[in-house]
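> Just passing along the structure, written as structure tokens.
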Amino acid sequence: MNPELALSITSASKTFDTAHGSLHALDDVNLEARRGEFVSIVGPSGCGKSTLLWAIAGLEPLSSGIVKVHDEEVSGTRRDLGLIFQDANLLPWRTLIGNIHFPFEIMHKSPDPDVIAGLLESVGLNGFEQHYPHELSGGMQQRASIVRALAYDPELLLLDEPFAALDAFTRDEMNLMLLDIWERTRKTVLFVTHQIPEAVFLSDRVYVLKPRPGRNSHVFEIDLPRPRTLSMTTDPHFFEVVGHVKQAIYDDAHLEFGKERRLAAESLG
Ligand code: ADP
Ligand code: MG
């Protein structure tokens, strides 16, 4: 038992039964996050990043392995974590504040208006409470979904490629906002992305997964100082760290590409 650990994944494996047979999505994946850490997972599409997040959230069980959140084994959906997806998933017929209140209504709980006002202020959405989602930009909708997730005051925040659909400038802005919230609240964050510079910029530690089936590849401790600033992303040391992570992913991919090219050559006779 380690009280410092917010999250531990031990030997996570997952096989899906599909119409085309069984699909091995995760194989013996191990990952840890200490309380208050910012941890990212990067890896190519299909390497099981979302499957892992769903298992942590208790939404889709593993085939084998153990997920512990705050030293408690996950066996169903939990309320002490916040989930944020690529799509903001706001209800179009509800105002921004109506969307933030929605989870509280489902749980028959009262939202704390001061907490919500503070969060809206910190993401620059104060004054937009009565707007409908279609009246907000993509970035504003995603900020609203972050407020919705944080309004519950979860200790662990799981983000699945949350800014992937946004343009590069808005993504930078969102990353700074997320770091600002994280530095003030010290939530534990597990952030999934396929953008390597984004993972390096945000994280204390980056786990690289490789695909077919999804497995651990490398782990990088990111030693860039905090607080992080956008000017760091033009620093030679930043490029060096990003380069190391990229190299790890390309090394993994090279083996796969090599195999595929050989197979293609064989099939051509
Ligand atoms: P990532 O998020 O890294 O892109 P996913 O976790 O979505 O990867 O998917 C990992 C693998 O598992 C993929 O091959 C995907 O097609 C498969 N997969 C994911 N969810 C399901 C499901 N519900 N049923 C069958 N296969 C799935
Ligand atoms: Mg995914």
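> Name the single residue that is surrounded by the fewest Cβ atoms within 10 Å (Cβ to Cβ) among those in segment 197-212 being modelled with pLDDT under 95 and not in a strand (DSSP E or B).
Arg212
> I've got another one for you. Can you pull out every residue in segment 102-124 that is out of contact with any helix residue (DSSP H, G or I) (no Cβ under 6 Å at 6 or more places or on another chain) and not in a helix (DSSP H, G or I)?
Answer for segment 102-124, where residues must be out of contact with any helix residue (DSSP H, G or I) (no Cβ under 6 Å at 6 or more places or on another chain) and not in a helix (DSSP H, G or I): Met107, His108, Lys109, Ser110, Asp112, Gly124.
> A follow-up question, please. Please enumerate the residues belonging to segment 134-174 that are open to solvent by less than 10 Å² (accessible area, probe 1.4 Å) and among the polar types (S, T, N, Q).
Correct list: Gln142, Ser145.
> Does Leu224 count as touching a His at 6+ places or on another chain (Cβ under 8 Å) and more than 25 Å from Asp28 (Cβ to Cβ)?
In short, yes.
> Confirm whether Ser63 is within 16 Å of ligand 1 (Cβ to nearest atom), over 27 Å from Gln247 (Cα atoms), touching a Lys or Arg at 6+ places or on another chain (Cβ under 7 Å) and of a type in the set (Ser, Thr, Tyr). Please lay out each step first, then the result.
Values: within 16 Å of ligand 1 (Cβ to nearest atom): yes; over 27 Å from Gln247 (Cα atoms): yes; touching a Lys or Arg at 6+ places or on another chain (Cβ under 7 Å): yes; of a type in the set (Ser, Thr, Tyr): yes.
Yes; evaluated as a whole, the condition is true for this residue.
> Now, a different point. Out of segment 30-47, which residues are within 20 Å of Pro197 (Cα to Cα) and either near ligand 1 (Cβ under 7 Å from one of its atoms) or open to solvent by 10 Å² or more (accessible area, probe 1.4 Å) (or both)?
Of everything in segment 30-47, those that are within 20 Å of Pro197 (Cα to Cα) and either near ligand 1 (Cβ under 7 Å from one of its atoms) or open to solvent by 10 Å² or more (accessible area, probe 1.4 Å) (or both) turn out to be Glu37, Gly43, Pro44, Ser45, Gly46, Cys47.
> Would you pick out the residues in segment 10-53 that are in a strand (DSSP E or B), β-branched (Val, Ile, Thr) and within 16 Å of ligand 2 (Cβ to nearest atom)?
Val29, Ile41, Val42
The values are calculated or read from the model by the stated rules, or taken from the named source; none is laboratory data. This structure is a prediction, so every number in the text was calculated from the model and none was measured. So basically every Cβ, Gly included, is an ideal-geometry build from the backbone, and we count neighbours across all protein chains shown. Heavy atoms of the whole protein, side chains included, go into the accessibility calculation; ligands, DNA and RNA do not. Shrake-Rupley method; radii C 1.70, N 1.55, O 1.52, S 1.80 Å.
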